[in-house]
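The values are calculated or read from the model by the stated rules, or taken from the named source; none is laboratory data. Just so we're clear, the structure is a prediction, and the values are computed from it rather than from any experiment. Every residue, glycine among them, receives a Cβ derived from its backbone with ideal geometry; neighbour counts consider all protein chains shown.
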Amino acid sequence: MSLLKRLGGGGALPSNEPAVTVAPIPSMAAVAPLPQPQSPPPAHSSPPISAPPINAPSVGTGAISPPVISAPSADGTPPTDQQRILDLSLWCVDRIQASLGNQNDLKRSPETEKLLQERFARVYQQAGVTLPGELVKQLFTMVCDELMGFGPIQQLLNDDSVSEIMINGPNRVYVESKGKLRLTPARFASDEHVLKIIDRIIRPLGRRIDRKWPMVDARLPDGSRVNAIIAPCAIDGSTVTIRKFSKNKLKIDDLVRFGSMTPEMAEFLRACVVSRLNIVVSGGTGSGKTTLLNVLSNFIPEDERIVTIEDSAELQLAQDHVVRLEAKPAEVDGSGRVQIRDLVINSLRMRPERVVIGECRGGETLDMLQAMNTGHDGSLTTLHANTPRDALARMETMSMMAGMDLPLKVIRDQIAAAIDIIVQQSRLDDGQRKVTYITEVQGMEGETVVLQDIFKLEILGKSPEGKIQTEMRPTGVRPRFTPRLEAHGFKLPPSIFGAQIPGQKHR
Ligand SMILES: Nc1ncnc2c1ncn2[C@@H]1O[C@H](COP(=O)(O)OP(=O)(O)O)[C@@H](O)[C@H]1O
Ligand SMILES: [Mg+2]
């Protein structure tokens with residue numbers, strides 16, 4: 001059963017829907033408003049049906065007339081060019097689909113594109129509108145995206161500068177691009193239209209979403225992660241969040257070039273990874289944790305067997321000897337869930353030399369700490385925390401989620417013994433992503449875990465353009481694990497750690 005049917009239909013935008021305030025698409029802004037279509041030629045096989053109201057476009061309605069382009073929308077505001085072209089594209093889509101025997105989910109291929117080109121030419125003629133060439137091209141792209149892709153967001157998915165796409169109901173599509181959020185001109189015809197795209201994403205995966213369980217996690221064929229939440233839990237319309245899979249993960253050189261860390265910090269981190277230190281990357285959502293974990297994992301020497309464990313495979317390791325494991329959601333009947341924790345336990349029977357855990361979110365933290373303390377050193381993971389001290393607290397809480405009833409002191413001892421360094425990654429207010437701390441976990445002093453910053457980001461101020469000015473500084477303290485680095489052949493010069501050089505001041 002289709003999603004729309006399961007939801008019992010759905011329909012036009014409510015009449016109190018606010019006016020759309022998105023800017024017109026650039027290519028449209030340059031051309032004259034859409035001309036009035038001639039009345040459509042009566043369809044041979046169907047009785048004449050009047051045009052649908054402008055705000056109830058033809059998604060799944062089987063309407064056969066093109067949208068009346070000059071009609072006001074349901075709330076009385078004149079439709080924008082954007083709305084008109086969207087409505088016209090959906091009208092074309094319905095007709096083309098009908099001509100193809102209502103075949104859904106066309107696979108993108110040169111043959112299909114050719115077929116669509118031919119059908120589109122026919123349908124466009126039936127619409128009786130004359131549009132500038134540029135707009136016809138755009139209309140055809142929209143039709144193709146609707147029939148073979150993910151509709152209004154397909155162009156955003158194609159755009160490599162976009163890292164996240166956020167659909168907040170039909171009229172608001174935001175993207176993150178170069179660290180900044182912005183509203184885009186993309187829009188859907190209705191909530192039903194958004195649901196149709198959600199359905200298209202999750203149906204091939206055998207997942208479902210409905211009023212009973214109105215949220216779902218899924219993945220696009222290219223690896224992008226999708227979360228959708230719909231009514232009744234999403235109050236203002238179906239909401240979809242897509243974290244795009246970056247085809248080209250950033251490399252260490254990129255991070256240095258962007259100023260996310262200094263070359264000295266990069267060299268230090270490489271030494272730490274090769275020397276089998278246990279490293280936690282800590283940071284907020286979207287701060288760049290996974291990116292940094294990927295970079296660090298790529299420092300692992302080629303001759304070591306690596307097992308990676310992730311909720312949804314994002315890491316891209318260049319080494320040859322890598323075993324990738326991924327968690328698995330429950331089946332429809334609720335059984336068969338395989339969690340990160342199960343995979344961590346299993347991985348220890350796989351003769352790993354390195355275990356890389358995409359993110360610790362719960363009880364697996366305790367298993368990881370125990371593994372680190374029983375010979376599986378050199379492990380790497382990320383977790384969600386805002387400072388290195390906060391990362392310790394998170395590890396305590398998550399270890400308790402394992403349900404082993406261990407006293408806090410025991411857990412704390414485990415953390416202090418297992419973790420060697422915490423690398424804090426942050427997204428600054430202006431969108432820059434930076435390593436803000438590299439902190440050594442030195443051990444316990446009484447009840448407290450002792451932390452010592454090795455590198456620290458200082459905020460200096462703001463440029464007139466609003467860019468936050470920072471400086472990365474070594475604290476002048478050599479880590480206690482320096483002998484371990486030296487045992488692996490890393491003789492880092494004292495200047496890396498900011499040993500006082502005459503004429504230069506560090507705090
Ligand atoms: N140091 C960086 N500089 C610029 N962009 C970055 C940096 N690190 C990550 N990004 C970008 O930020 C986005 C989120 O990164 P990701 O590593 O997935 O974050 P997290 O795992 O913390 O949620 C991605 O688009 C990624 O390419
Ligand atoms: Mg991540």
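Here is a yes/no grid of residues against (1) within 16 Å of ligand 2 (Cβ to nearest atom); (2) under 24 Å from V410 (Cβ atoms); (3) not β-branched (V, I, T):
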| residue | (1), (2), (3) |
| --- | --- |
| A313 | yes, no, yes |
| V338 | no, no, no |
| D342 | no, yes, yes |
| H376 | no, yes, yes |
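In this structure, is S177 away from ligand 2 (no atom under 16 Å from the Cβ) and either of a type in the set (V, I, T) or under 20 Å from the mean Cα position of the chain (by Cα) (or both)? Yes. Filtering region 345-361 down to residues that are part of a loop (DSSP other than H, G, I, E, B) and crowded, with 22+ Cβ neighbours inside 10 Å, which residue is farthest from ligand 2 (Cβ to nearest atom)? Looking at the filtered set, the residue picked out is C360. With respect to (1) under 21 Å from M404 (Cα atoms); (2) away from ligand 1 (no atom under 16 Å from the Cβ); (3) at pLDDT 95 or above, the lone exception for V323 is condition (1). Here is a check on your reading of the model: is K196 on the phi < 0 side of the Ramachandran plot and surrounded by 21 or more Cβ atoms within 10 Å (Cβ to Cβ)? Taking the combined requirement at face value, the residue satisfies it.
Yes or no, residue by residue, for (1) closer than 27 Å to K178 by Cα; (2) within 16 Å of ligand 2 (Cβ to nearest atom):
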site	(1), (2)
R203	no, no
D210	no, no
N227	yes, yes
R257	yes, no
E264	yes, no
S282	yes, yes
T290	yes, yes
S297	yes, yes
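Scanning region 145-156 for residues that are away from ligand 1 (no atom under 14 Å from the Cβ) and in contact (Cβ under 8 Å) with a residue 12 or more places away in the chain returns E146, L147, M148, G149, F150, G151, P152, I153, Q155. Looking at T112, T80, T141, just one residue is at pLDDT 95 or above and surrounded by 14 or more Cβ atoms within 10 Å (Cβ to Cβ), and that residue is T141. Identify the residue in region 127-138 that is outside any loop (DSSP other than H, G, I, E, B) and surrounded by fewer than 17 Cβ atoms within 10 Å (Cβ to Cβ) and, among all such residues, is nearest to the chain's Cα centre (by Cα). Applying the filter and picking the extreme gives K137. Restricting attention to region 228-272, the residues being over 18 Å from S297 (Cβ atoms) and within 13 Å of ligand 1 (Cβ to nearest atom) number 8.
The set of residues in region 235-244 being away from ligand 2 (no atom under 16 Å from the Cβ) and either closer than 12 Å to R172 by Cβ or of a type in the set (D, E, K, R) (or both) consists of D236, G237, S238, T239, V240. Scanning region 165-180 for residues that are more than 16 Å from ligand 1 (Cβ to nearest atom) and either out of contact with any Asp or Glu (no Cβ under 9 Å at 6 or more places or on another chain) or closer than 15 Å to I229 by Cβ (or both) gives I167, N168, G169, P170, R172, V173.
Take G286 and tell me if it is assigned to a loop (DSSP other than H, G, I, E, B), closer than 30 Å to R200 by Cβ, within 16 Å of ligand 2 (Cβ to nearest atom) and out of contact with any strand residue (DSSP E or B) (no Cβ under 7 Å at 6 or more places or on another chain). For G286, the condition - assigned to a loop (DSSP other than H, G, I, E, B), closer than 30 Å to R200 by Cβ, within 16 Å of ligand 2 (Cβ to nearest atom) and out of contact with any strand residue (DSSP E or B) (no Cβ under 7 Å at 6 or more places or on another chain) - is not met. Within region 167-193, take every residue that is among the hydrophobic types (A, V, I, L, M, F, W, C) and touching a strand residue (DSSP E or B) at 6+ places or on another chain (Cβ under 6 Å) and give me the one that is modelled with the lowest pLDDT. It comes out as L181. Here A417 fulfils each of the conditions (1) in contact with a Leu (Cβ under 9 Å, 6 or more places away or on another chain); (2) among the small types (G, A, S); (3) surrounded by 17 or more Cβ atoms within 10 Å (Cβ to Cβ) apart from (3). Of the listed requirements (1) away from ligand 1 (no atom under 16 Å from the Cβ); (2) more than 30 Å from T470 (Cβ to Cβ), S312 misses just one: (1). Residue pairs whose Cβ atoms lie under 7 Å apart, separated by 6 or more positions or on different chains, with the first residue in region 424-435 and within 13 Å of T291 (Cα to Cα) and the second of a type in the set (F, W, Y) and assigned to a strand (DSSP E or B), are Q424/Y437.
Considering the conditions (1) modelled with pLDDT under 90; (2) more than 16 Å from M166 (Cα to Cα); (3) in contact with a Gly (Cβ under 9 Å, 6 or more places away or on another chain), L250 is excluded by exactly one of them, (1).
In region 464-490, what count of residues is obtained for those that are among the aromatic types (F, W, Y) and more than 14 Å from V273 (Cβ to Cβ)?
At the first step, the residues of region 464-490 found to be among the aromatic types (F, W, Y) are 481, 490.
Now narrow it down to the ones that are more than 14 Å from V273 (Cβ to Cβ): none.
Qualifying residue count, region 464-490: 0.
Determine if region 187-201 includes at least one residue that is within 16 Å of ligand 2 (Cβ to nearest atom), not polar (S, T, N, Q) and not in a strand (DSSP E or B). No, region 187-201 contains no residue that is within 16 Å of ligand 2 (Cβ to nearest atom), not polar (S, T, N, Q) and not in a strand (DSSP E or B).
Go through D222, D254 for me and flag whichever is exposed (fewer than 13 other Cβ atoms within 10 Å of the Cβ) and out of contact with any Pro (no Cβ under 8 Å at 6 or more places or on another chain). Lay out the reasoning, then the answer.
Values: D254 fails: exposed (fewer than 13 other Cβ atoms within 10 Å of the Cβ).
Just a single option satisfies the conditions, and that option is D222.
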